[in-house]
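Notes follow once the structure below has been shown.
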Amino acid sequence: MGSFIEFFGLKDDPFKITPDIEYFFLSQFHQEALISLNYLLKSGEGFAVIVGEPGTGKTITLRKFIHDLPENVEYAYILFPNLSPEEMLKAILEDFGLTDEVKDKNLSKNKLLSILRDFLISKKNENKKVLVIIDEAQNLPVETLEELRILSNLETDKEKLLQIIMSGQPELENKLDSPQLRQLKQRITLYVRFRNLHFDEMVNYITYRLAKAGNMNLEIDKRAYKLVYKYSKGNMRLINLIMERTLMAAYVDGSPTIKPQHVESAAESLNMIEKTSKNKAIIAVSIILILILIVAGIVGYTKYLNTAQTAQTTAQKSPPIPTPAPKTQKPPTQPPEKEEELSNIKEEAVVAFPVANLFKNPDNNAQVVAHLKRGEPVKVLETKDNWIKVAVKKDSKIVEGWIPSSHIVLKKDSPLPTESAQR
Ligand SMILES: Nc1ncnc2c1ncn2[C@@H]1O[C@H](COP(=O)(O)OP(=O)(O)OP(=O)(O)O)[C@@H](O)[C@H]1O
Ligand SMILES: [Mg+2]
């Protein structure tokens with residue numbers, strides 16, 4: 001597994017998913033985040049929040065920020081903060097090196113607070129700034145978040161003693177919206193949002209990581225980049241996962257350049273392809289079922305209206321509650337049942353391939369029951385994995401059989417599920 005590294009002339013795996021700041025890439029928003037955090041630090045005031053979906057680089061950016069902190073700053077970095085207020089205070093004090101002071105398990109919250117306050121005042125006297133950085137802050141209980149606000153209020157008559165940076169996934173934002181945290185929210189002076197990379201940023205990111213790991217000239221097909229973007233949506237952690245597997249696939253293929261099929265096989269090995277096409281099939285089938293229900297509803301309602309009308313002309317009063325009219329009252333103008341079923345077929349789906357086989361069973365080796373042409377209308381009956389059972393009119397008979405779901409599309413302008421299936 002390791003030898004793709006040598007094959008591509010690398011000195012290291014360029015796409016490790018650990019937040020290694022050696023590989024830190026300064027995209028526009030990562031840069032803005034760092035500038036803002038440094039500004040906050042200088043101003044000495046307030047509370048910062050970073051919010052972003054998983055894998056957008058929050059942790060690695062905090063690490064970079066910490067790495068570059070000036071000497072006069074002391075910080076505590078809390079990573080797994082599913083902590084009660086007391087546990088959090090203890091964790092902060094321990095991270096500041098006050099392990100002996102907090103050894104006693106029964107310290108009250110007030111005692112912990114006073115130890116912290118003494119520590120902060122001593123740092124202030126040394127002319128030092130103190131930061132508390134909380135990562136994965138979406139896991140903090142509301143009471144602990146509220147406790148953080150109290151900490152951020154610790155001050156001397158002139159200055160704040162402590163600054164706080166919180167980073168977390170979007171649930172953090174929802175938590176901060178809760179009414180108990182209104183005061184905390186008011187104290188937030190810096191709000192930074194992380195996002196996925198755009199296509200061009202992704203290309204630069206990949207090139208940058210490859211160069212860092214020792215290969216500045218690896219040739220990557222433009223279509224391969226497009227596929228990486230398609231599967232990752234620009235999410236940095238996903239880009240890394242896909243690129244690592246892609247390099248392996250190219251290595252196994254003995255190919256010095258990265259081609260689309262290598263990305264496809266990477267995505268497949270990460271189960272990314274199956275998932276999206278399954279989702280697509282599920283959504284397509286749901287849309288088709290809804291269409292069938294709507295059409296059936298309209299047909300049924302029209303029938304009912306017709307029969308109700310006939311009933312009204314024969315009876316003096318219409319019945320207070322509509323009941324289905326007996327079959328004998330069916331107006332003679334209705335077309336026969338069979339024709340209706342056939343006319344429904346036009347509404348639902350069409351064959352998307354120039355020529356497609358209709359199989360007896362959902363299996364490429366099964367008996368072929370009909371050949372379908374592009375544009376031919378079919379009616380969807382049921383689905384199984386990536387297969388769809390359809391009915392189609394052949395020589396005024398209805399033939400039923402199975403077709404790969406990728407071979408048909410919804411008719412008219414039915415939205416094919418692309419975007420919603422992407423997550
Ligand atoms: N700016 C960046 N430069 C280099 N690599 C990055 C950058 N941002 C993200 N990455 C890569 O993506 C991976 C995921 O980033 P990170 O762990 O920082 O995400 P996160 O936003 O903290 O995600 P989570 O919410 O799941 O904790 C990192 O390990 C790193 O490999
Ligand atoms: Mg993180």
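Couple of notes before you dig in:
- Which listed residue is acidic (Asp, Glu) and either modelled with pLDDT under 80 or within 30 Å of Leu305 (Cα to Cα) (or both), from Glu376, Glu382, Glu341: Glu341
- Helices (runs of 4 or more DSSP H) contained in segment 76-191 and holding at least 3 residues more than 17 Å from Phe47 (Cα to Cα) and of a type outside the set (Phe, Trp, Tyr): 85-95, 109-125
- Residue list for segment 32-58, filter: buried (at least 19 other Cβ atoms within 10 Å of the Cβ) and within 13 Å of ligand 1 (Cβ to nearest atom): Ala33, Ile50, Val51, Gly52, Gly55, Thr56, Gly57, Lys58
Yes/no per residue for (1) within 16 Å of ligand 2 (Cβ to nearest atom); (2) assigned to a strand (DSSP E or B); (3) over 15 Å from Met166 (Cβ atoms):
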site	(1), (2), (3)
Gln31	no, no, yes
Leu40	no, no, no
Glu45	no, no, yes
Ile50	yes, yes, no
Thr56	yes, no, yes
Phe65	yes, no, no
Glu74	no, yes, yes
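- The requirement of being closer than 25 Å to Leu89 by Cα and more than 16 Å from ligand 1 (Cβ to nearest atom) is fulfilled somewhere in segment 190-212, by at least one residue.
- Only one entry of Gly97, Gly55, Gly44 meets the criterion of being on the phi > 0 side of the Ramachandran plot and either aromatic (Phe, Trp, Tyr) or without any contact (Cβ under 8 Å) to a residue 40 or more places away in the chain (or both), and that entry is Gly97.
- Of all residues making up segment 153-166, the number that are touching a residue at least 60 places away in the same chain (Cβ under 8 Å) and out of contact with any helix residue (DSSP H, G or I) (no Cβ under 6 Å at 6 or more places or on another chain): 4
- Search result, residues across segment 120-138 that are away from ligand 2 (no atom under 16 Å from the Cβ) and without any contact (Cβ under 8 Å) to a residue 40 or more places away in the chain: Ser122, Lys124, Asn125, Glu126
- Set Pro70, Pro81: member being within 23 Å of Lys160 (Cβ to Cβ), surrounded by fewer than 16 Cβ atoms within 10 Å (Cβ to Cβ) and not small (Gly, Ala, Ser): Pro70
The values are calculated or read from the model by the stated rules, or taken from the named source; none is laboratory data. Predicted, not measured: the structure shown is a model, and the values here were computed from it. Glycine gets a Cβ as well: all are built from the backbone with ideal geometry, and neighbour counts include every protein chain shown.
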